[in-house]
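Reviewing the structure listed below.
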Amino acid sequence: LKVVSQRPRPKSCESCLPVDARLLLNIGASTQVIFDLGAHLKKVWGQEMPSEDEIEMPEWSLLWAGDVDADGKLDLYLGVTGENMEEHLLLLSSAARPKQLVREIARFTITGC
């Protein structure tokens, strides 16, 4: 797993990710975008997205990695926290479509203030 971005981290939050950050899973010669922060923020904020300094940027965490579906391949359980929300995502290799390494099969979202 690695995070890639063309932009620097926001100056107002050195532990936050840039708005164009993407989480990539790379296994051998295959690479898949697991989470695209820019796409996520556009979904949450639409075209009226505030600047990086005006919102709490989401952060990712790897909660678990292993083989939950017993197919001999990597599965992931990720956490995403941000502006009044927390999400947990389960990504399984056995559910992956062609040219994918894993696919999200479950999402638990908590929102509020």
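Of note:
- Those residues of segment 53-106 which are closer than 30 Å to residue 12 by Cβ and part of a loop (DSSP other than H, G, I, E, B), in sequence order: 53, 54, 55, 56, 57, 58, 83, 84
- Residues in segment 10-37 that are of a type in the set (S, T, N, Q) and under 19 Å from residue 79 (Cβ atoms) were compared, and the one that is modelled with the highest pLDDT is 32.
Residue-by-condition table, conditions (1) among the charged types (D, E, K, R); (2) open to solvent by 60 Å² or more (accessible area, probe 1.4 Å):
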site: 72; (1), (2): no, yes
site: 80; (1), (2): no, no
site: 84; (1), (2): no, yes
site: 87; (1), (2): yes, no
site: 94; (1), (2): no, yes
site: 100; (1), (2): no, yes
site: 104; (1), (2): yes, yes
site: 108; (1), (2): no, yes
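- Within segment 4-34, being open to solvent by 50 Å² or more (accessible area, probe 1.4 Å) and assigned to a loop (DSSP other than H, G, I, E, B) holds for 6, 7, 8, 9, 11, 12, 14, 15, 28, 29.
- Of residues in segment 55-91 being polar (S, T, N, Q) and under 14 Å from the mean Cα position of the chain (by Cα), the one nearest to residue 109 (Cα to Cα): 81
The values are calculated or read from the model by the stated rules, or taken from the named source; none is laboratory data. Fair warning: this is a prediction, and the values are worked out from it, not measured in the lab. Using ideal geometry, Cβ is built from the backbone for each residue, glycine included, and neighbour counts are taken over all protein chains shown. The accessibility values were calculated without ligands, DNA or RNA, using every heavy atom of the protein model including side chains. Shrake-Rupley method; radii C 1.70, N 1.55, O 1.52, S 1.80 Å.
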